[in-house]
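Q: Got a structure for you, questions after.
All of the numbers you see were taken from the coordinates with simple rules; none came from a lab. Everything quoted here is computed from the prediction, not taken from an experiment. Note that we place each Cβ from the backbone using ideal geometry, even for glycine, and neighbour counts take in every protein chain shown.
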Amino acid sequence: MPWTLTVSELNDYVRRALASDPTLRFLSLRGEISDFKSYSSGHWYFTLKDDGAMIQCVCFRQHNMRLDFRPENGMKVVLTGAVGLYAERGSYQFYAESITRDGVGDLFLKLEQLKNKLMKEGLFDVAKKRPLPLLPRAIGVVTSRSGAVIHDIATVTRRRFPAMQLILRPAQVQGEGAAEDIAAGIAEVSALPQVDVIIVGRGGGSLEDLWAFNEEIVVRAIAACPVPVVSAVGHEVDVTLSDLAADVRAATPSVAAEVCVPDRASLAATIQKMRDSLGRAGKNLILARQSQLALCEKRLAARHPAALLHAARARADLMEQRLRACMERQLALRQARVAALGDKLAALGPRQALNRGYAILLDGKNAITSVDLARDEMTVLLRDGRIRVRTLDIRKEDPFGEEASHV
């Protein structure tokens, strides 16, 4: 009767059998790394291959953290560890506890040589990277028609900007002739006048699977493309020469769509903010210009002939008032002076002398001030009248002194 086991029992039996074989418990395995993946847990999963076969390998975090280098696809290494079985999946794999370099794989060496060549030509210069358009009219996509890449890009595009036009140019992304098809696709899509940016990519895979994007013809097609190119090849850990030549490298196709397609709601909000800011700036500018215009109008009104004439008249009126006031002050001063002189003259005049008891002797209208001018008949002016007199005697003497000689 045959031995009947469950799947779990069989896998567990094989696992224990492998673990009990001393030859498989500690051995070194030489080969070339392919399809290398590093997860957030810190564990590494990859394939080790040679010319005739391959085996799945894992190097847990507690082992790989002791290494002084990070394995890459195409690198030849020597693994030390044990063969085991992952019972849940029934997968046979090698558990690496240490990894050492064992030269460089052929593909890896070829990749480095081409990379150095193109780098010297300046195809990877950061200064040549072009910014992506804010709102492209259309986005060209060069990838496989049946892969998940176009589906992911379309999903993100519909969510962020439903009206955005996507133009797919189906291309072979793996195998013989893939590089030529990708390069031709880039040239064809970039020739469309409405295309403002191109996404070139494919899903993840081993170094061999992604090799078309390391081919020189593809790298040069990207570098020569007249519109910006976004490379979305493989997963985040996969780096190809196409990534280095592209204007932007995206970790995944979904990220490529996000960097190329603006979020419509966010863009609308930004436009509204700009519109509001522009409106405020316009109002402030209008207010400033109105203030300047009012000032200019005020200055112009002040320079108007009527205003100048009015100002001149006002100045003339003020000058007239000042002149009149000055004339009145001068007239008052002159009148006061005349009055004072009149009073002084009156005090010194003949009337005051007559009032004091003196008399004035006249020969007609002329005053006789000397005996030499005396006449036979003369008029004597007194305080209250005139007396006509005849001359009886004339003596020439000091009227207040001793008696003079008789004439």
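Q: Using the scaling law 2.2 N^0.38 Å as the reference, what is the normalised Cα Rg of region 196-326?
A: 2.55
Q: OK, next. What is the helix-to-structure angle for 178-190, meaning the angle in degrees between its Cα long axis and the longest Cα principal axis of the chain, kept from 0 to 90 and rounded to the nearest 10?
A: The helix 178-190 is inclined about 30 degrees to the chain.
Q: Tally the DSSP beta bridges in the chain and give the antiparallel ones as a percent, rounded to 5.
A: Antiparallel bridges: around 65 percent, rounded to the nearest 5.
Q: With each label point set 7 Å from Cα along the Cα-Cβ vector, what nm distance links Ala224 and Leu287?
A: With each label point 7 Å from Cα toward Cβ, the separation is 5.9 nm.
Q: Can I ask one more? Taking 0.36 nm per residue of sequence separation and subtracting the Cα-Cα distance, how much length would be gained by fully extending the chain between Leu114 and Gln352, in nm to one decimal?
A: 71.5 nm
Q: Can you give me the Kirkwood hydrodynamic radius for region 7-104, using every pair of distinct Cα atoms, in Å to one decimal?
A: 13.9 Å is the Kirkwood radius here.
Q: Quantify how much of the Cα-Cα distance distribution of the chain extends past 30 Å, in percent.
A: In whole percent, the share of Cα-Cα pairs in the chain beyond 30 Å is 69.
Q: Bin width 10 Å, alpha-carbon pairs only: give the P(r) of region 257-350 as whole percents, running from 0 to the bin holding the largest distance.
A: 12, 14, 13, 12, 11, 10, 8, 7, 5, 4, 3, 2, 0, 0
Q: What ranking, highest mean first, results for peptides 178-185, 390-397 when packing means the other Cβ atoms within 10 Å averaged over each residue?
A: Sorting 178-185, 390-397 by mean packing, highest first, produces 178-185, 390-397.
Q: Here's a follow-up. Across 5 Å bins from 0, what is the distribution of all Cα-Cα pair distances for region 71-198, in whole percents?
A: Calculated over all Cα pairs of region 71-198, the distribution is 2, 8, 10, 12, 14, 13, 12, 10, 9, 7, 3, 0 percent.
Q: Using a 10 Å cut-off on Cβ atoms, rank the peptides 155-168, 136-149, 261-274, 67-80 from the highest mean neighbour count down.
A: 136-149, 67-80, 155-168, 261-274
Q: For q values of 0.15, 0.17, 0.30 Å⁻¹, compute log₁₀ I(q)/I(0) with the Debye formula on a Cα-only model of region 349-407, without solvent.
A: These q points yield log10 I(q)/I(0) values of -0.50, -0.63, -1.22.
Q: Please report the Cα spread of region 124-262 along all three principal axes, rounded to whole Å, starting with the longest.
A: Cα extents, longest axis first: 37, 31, 26 Å.
Q: Over the Cα atoms, compute the radius of gyration (one decimal) and Dmax (the largest Cα-Cα distance, rounded to a whole number) for region 183-237, in Å.
A: My reading of the Cα-based Rg and Dmax gives 11.7, 35 Å.
Q: Report Rg/Rh for region 74-140, rounded to two decimals, where Rg is the Cα radius of gyration and Rh the Kirkwood radius.
A: 1.28
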